[in-house]
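Working notes, beginning with the structure itself.
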Amino acid sequence: MDPETEPDALFGLSELLDAAPERPGPDAAPERPGPDAAPVRSRPDAGGSDLGAARAGGGLLDVREIHAEPAAALSPRGRQVIARFPGARLVEVASHWNIPHLHGNEGRAERWVRVKRQTLVLGVRKSLTVRPNGRSADWIAPGASNGCAMSCAYCYVPRRKGYANPITVFTNIGDVTGAIGRHVAGLGPKPEPNQCDAERWVYDVGENGDCSVDALISDNTADLVRAFRDWPTAMASFATKYVNRELLELDPRGSTRVRFSLMPPGDSRLLDVRTSPVAERIAAAGDFLDAGYEVHFNLSPVVLRPGWEADWAELLRQLDDVLPAAVKAQAAAEVIMLTHNRQLHEVNLRWHPRAEEALWRPDLQQVKRSQNGALNVRYADDVKREGVRALTELIAAHAPWLRVRYAF
């Protein structure tokens, strides 16, 4: 962090950590600090040095700073995160959405990856609304996080958070699971099959993050998986580009769908920055199925460029060759054509301009307003229609067992 923009650290955190439970249980209620609560503190020797810096996921995270709302830091889940990264400097913020030197700071564009690797934010989620979807899932659940440590050049989440996009962990996980549980109970059984699922209501629990990476930081993902085990009419669903084998120990009992996102390896090396290799994601599918997950695939984003059809055909042949028969028997896919955004294009030009050679194609793209009201750039209607047709024909030819749940 630049010294001239560095915020003041909170004064010491030792009392908080001394009192912190090492691993709060999944049913722990969110804790609200009372008038006599100990002040949130940061350790005097935590200044972002390598000493004591906690690393997770093979270097994916090297947390040096934790920006925290006081209520979030004092909650059981907040204390768990702080204890997991003992070398991090803790900084108080009034709102997880309003951190001026992170959100909307154009000067952070060149430090895009460093911010994702070295910074966490702790906040209390205020909105607990369950929203209808109808594509990937029946419903979008209130997420337990926002942001990601990976750096996919096409990611839509940074458009909502400004130029820097570290993970925000919402510490009131009990409020999140409670809201989902009430919604599930209010719906009752699913009356008829649809393309989301034949029997259960599907809730996307990772719309604005990656639950596999979140599990490196806290027990939020584990709590969501455990909660859905108790709701026979509902299923959790999340897409991931990171293979976290710790999730194999959670015993989902068929109530969580993992969607491994796939694209040709060449595209992934260019665009899926800091993610697990595509071959590793494919190889993990059988293990996740054996562990009790439903395993689907996201073929996304589909980036149209010279030679794209041959590369997708090769990927589909790899799926057909490598995947166990049991995975193929229950697999389904979502096909998602690239959506881009001018603001993100301008940010990418500052840290990863090579990606924009593939992503920014004004000759093929048109402006379109998304469901959330944002103006984005998508392939022109005729280009997109032809791309979907070509890819679905490739699937039929090379992986005919792969049911396409939807394509857009």
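The values are calculated or read from the model by the stated rules, or taken from the named source; none is laboratory data. If you're wondering where the values come from, they're calculated on a predicted model, not measured in any experiment. Cβ coordinates were reconstructed from backbone atoms using ideal geometry, including for glycine residues, and neighbour counts include every protein chain displayed. Remember, those area values only see protein heavy atoms, side chains included, never the ligands or the DNA or RNA. Shrake-Rupley method; radii C 1.70, N 1.55, O 1.52, S 1.80 Å.
Can you name the number of the only condition in (1) hydrophobic (A, V, I, L, M, F, W, C); (2) farther than 20 Å from K241 by Cα; (3) open to solvent by less than 20 Å² (accessible area, probe 1.4 Å); (4) without any contact (Cβ under 8 Å) to a residue 60 or more places away in the chain that V367 fails?
The failed condition is (3).
Tell me, yes or no, whether the range 160-174 has at least one residue that is part of a helix (DSSP H, G or I) and either aromatic (F, W, Y) or at pLDDT 95 or above (or both).
Yes: the range 160-174 contains one or more residues that are part of a helix (DSSP H, G or I) and either aromatic (F, W, Y) or at pLDDT 95 or above (or both).
Pull up the range 118-147, narrow it to residues that are open to solvent by 20 Å² or more (accessible area, probe 1.4 Å) and in contact (Cβ under 8 Å) with a residue 60 or more places away in the chain, then point me to the one that is nearest to I217 (Cα to Cα).
Applying the filter and picking the extreme gives Q118.
In the range 301-315, which residue that is of a type in the set (D, E) and farther than 14 Å from V388 by Cα is surrounded by the most Cβ atoms within 10 Å (Cβ to Cβ)?
Out of the qualifying residues, it is D311.
Could you tell me which residue of the range 206-216 is farthest from G123 (Cα to Cα), considering only residues that are crowded, with 24+ Cβ neighbours inside 10 Å and not charged (D, E, K, R)?
Restricting to residues being crowded, with 24+ Cβ neighbours inside 10 Å and not charged (D, E, K, R), the top hit is S212.
Only one of A358, A313, A284 is part of a helix (DSSP H, G or I) and without any contact (Cβ under 8 Å) to a residue 60 or more places away in the chain. Can you tell me which?
Only one candidate passes the filter, namely A284.
Restricting attention to the range 225-244, which residues are under 12 Å from S255 (Cα atoms) and either among the small types (G, A, S) or touching an Asp or Glu at 6+ places or on another chain (Cβ under 9 Å) (or both)?
Once the filter is applied, which keeps residues that are under 12 Å from S255 (Cα atoms) and either among the small types (G, A, S) or touching an Asp or Glu at 6+ places or on another chain (Cβ under 9 Å) (or both), the range 225-244 yields V225, R226, A227, R229, T233, A234, M235, A236, S237, F238.
Between a residue in the range 219-238 that is touching a residue at least 12 places away in the same chain (Cβ under 8 Å) and within 22 Å of R135 (Cβ to Cβ) and any residue that is part of a helix (DSSP H, G or I) and aromatic (F, W, Y), which pairs come within a Cβ distance under 7 Å, given they are 6 or more apart or on different chains?
A234/F228; M235/F228; A236/F228
Kindly list the number of the only condition in (1) open to solvent by 20 Å² or more (accessible area, probe 1.4 Å); (2) in contact (Cβ under 8 Å) with a residue 24 or more places away in the chain that fails for R385.
Only one criterion in (1) open to solvent by 20 Å² or more (accessible area, probe 1.4 Å); (2) in contact (Cβ under 8 Å) with a residue 24 or more places away in the chain is unmet by R385, namely (2).
State which residue is farthest from L304 (Cα to Cα) when the search covers only the range 247-281 and only residues that are under 16 Å from the mean Cα position of the chain (by Cα) and charged (D, E, K, R).
So, considering only residues that are under 16 Å from the mean Cα position of the chain (by Cα) and charged (D, E, K, R), the one farthest from L304 (Cα to Cα) is R257.
Can you say whether W201 is in contact (Cβ under 8 Å) with a residue 40 or more places away in the chain, open to solvent by 20 Å² or more (accessible area, probe 1.4 Å) and touching an Asp or Glu at 6+ places or on another chain (Cβ under 6 Å), as far as the supplied structure shows?
Against the criterion (in contact (Cβ under 8 Å) with a residue 40 or more places away in the chain, open to solvent by 20 Å² or more (accessible area, probe 1.4 Å) and touching an Asp or Glu at 6+ places or on another chain (Cβ under 6 Å)), W201 qualifies.
Test V377 against the stated conditions and say whether it is exposed (fewer than 14 other Cβ atoms within 10 Å of the Cβ), part of a strand (DSSP E or B) and either hydrophobic (A, V, I, L, M, F, W, C) or modelled with pLDDT of 95 or more (or both).
No, not satisfied.
Go through A72, A53 for me and flag whichever is small (G, A, S), modelled with pLDDT under 50, surrounded by 15 or more Cβ atoms within 10 Å (Cβ to Cβ) and under 24 Å from M150 (Cα atoms).
The unique qualifying residue is A53.
Considering only the range 223-275, state which residues are closer than 12 Å to C211 by Cβ, open to solvent by 10 Å² or more (accessible area, probe 1.4 Å) and assigned to a loop (DSSP other than H, G, I, E, B).
Selection gives K241, Y242, L250.
Kindly indicate whether any position in the range 309-327 is at pLDDT 95 or above, over 26 Å from V258 (Cα atoms) and small (G, A, S).
yes
So how many residues does the range 316-353 have that are part of a loop (DSSP other than H, G, I, E, B) and either acidic (D, E) or open to solvent by 50 Å² or more (accessible area, probe 1.4 Å) (or both)?
Total satisfying the criteria: 1.
Between N376, N348, N341, which is touching a helix residue (DSSP H, G or I) at 6+ places or on another chain (Cβ under 6 Å) and farther than 20 Å from G266 by Cβ?
From the options N376, N348, N341, the qualifying one is N341.
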